[in-house]
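A quick write-up on the structure given underneath.
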Amino acid sequence: CYKIRAIFRGIEVGMISRLSGTVVEISGISLVIDVQGVGYQVLGTRALISGLAVGGKATVVIHTEVNENSFRLFGFEDALERQVFHLLMNVKGIGAKTASEVVSAIDKRELLRAIGGGDLARLQAVK
């Protein structure tokens with residue numbers, strides 16, 4: 001899996017980290033946001049999608065994933081939600097899609113408490 005990343009002042013950053021524009025489509029966990037005439041398809045978390053409406057303005061925090069077969073944008077309600085997603089992606093065997101599903105299933109603060117408290121049962125309950 002190729003990840004396009006840059007190091008800026010010691011911080012690893014993704015290629016696209018935020019999009020602002022008009023929501024033109026919502027379908028399940030996918031949304032399309034129009035940014036100055038370009039439509040970006042984003043896989044969003046439950047918290048993000050629930051706060052959006054077609055025709056409304058939105059600013060979406062993004063994680064960009066690029067590999068040999070795809071270029072995917074994962075959208076989050078805020079930077080904390082994306083940080084939790086990144087923590088999950090550091091776990092061996094968890095990829096971007098699974099991490100996004102986990103962040104969607106459990107509130108980000110509850111998820112951080114479960115991780116910090118070693119609540120394995122709570123984490124295993126996510127499917």
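The values are calculated or read from the model by the stated rules, or taken from the named source; none is laboratory data. Quantities reported herein were computed from a predicted structural model and do not represent experimental measurements. Quick reminder, even Gly has a Cβ in these numbers, built from the backbone with ideal geometry, and neighbours come from all protein chains shown. Areas reflect the complete protein model, heavy atoms only, side chains present, ligands, DNA and RNA absent. Shrake-Rupley method; radii C 1.70, N 1.55, O 1.52, S 1.80 Å.
For the structure I just gave you, tell me whether residue 65 is open to solvent by less than 70 Å² (accessible area, probe 1.4 Å) and among the acidic types (Asp, Glu).
On the way: open to solvent by less than 70 Å² (accessible area, probe 1.4 Å): yes; among the acidic types (Asp, Glu): yes.
Criteria met by residue 65.
Residue by residue through the stretch 51-89, note down the ones that are of a type in the set (S, T, N, Q) and touching a helix residue (DSSP H, G or I) at 6+ places or on another chain (Cβ under 9 Å). Steps first, answer last, please.
Applying the first criterion (of a type in the set (S, T, N, Q)) to the stretch 51-89 yields 59, 64, 67, 69-70, 83.
Matches in the stretch 51-89: 83 only.
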**Message:** Looking at the stretch 56-63, can you tell me whether even one residue there is touching a strand residue (DSSP E or B) at 6+ places or on another chain (Cβ under 6 Å) and of a type in the set (Gly, Ala, Ser)?
**Reply:** yes
**Message:** Suppose we keep only residues that are among the small types (Gly, Ala, Ser) and closer than 16 Å to residue 82 by Cα within the stretch 28-50. Which one would you say is least open to solvent (accessible area, probe 1.4 Å)?
**Reply:** 44
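When the stretch 83-93 is examined, which residues are found to be assigned to a helix (DSSP H, G or I) and open to solvent by 50 Å² or more (accessible area, probe 1.4 Å)? Let's see the steps before the verdict.
Here is the first cut: in the stretch 83-93, the residues assigned to a helix (DSSP H, G or I) are 83-89.
Answer for the stretch 83-93, where residues must be assigned to a helix (DSSP H, G or I) and open to solvent by 50 Å² or more (accessible area, probe 1.4 Å): 83, 86, 87.
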**Request:** Consider residue 59 carefully, then state whether it is in a helix (DSSP H, G or I) and open to solvent by 50 Å² or more (accessible area, probe 1.4 Å).
**Result:** no
**Message:** Being within 22 Å of residue 50 (Cβ to Cβ), loosely packed, with under 14 Cβ neighbours inside 10 Å, in contact with a strand residue (DSSP E or B) (Cβ under 8 Å, 6 or more places away or on another chain) and at pLDDT 85 or above narrows it down to one residue among 79, 96; which is it?
**Reply:** 79
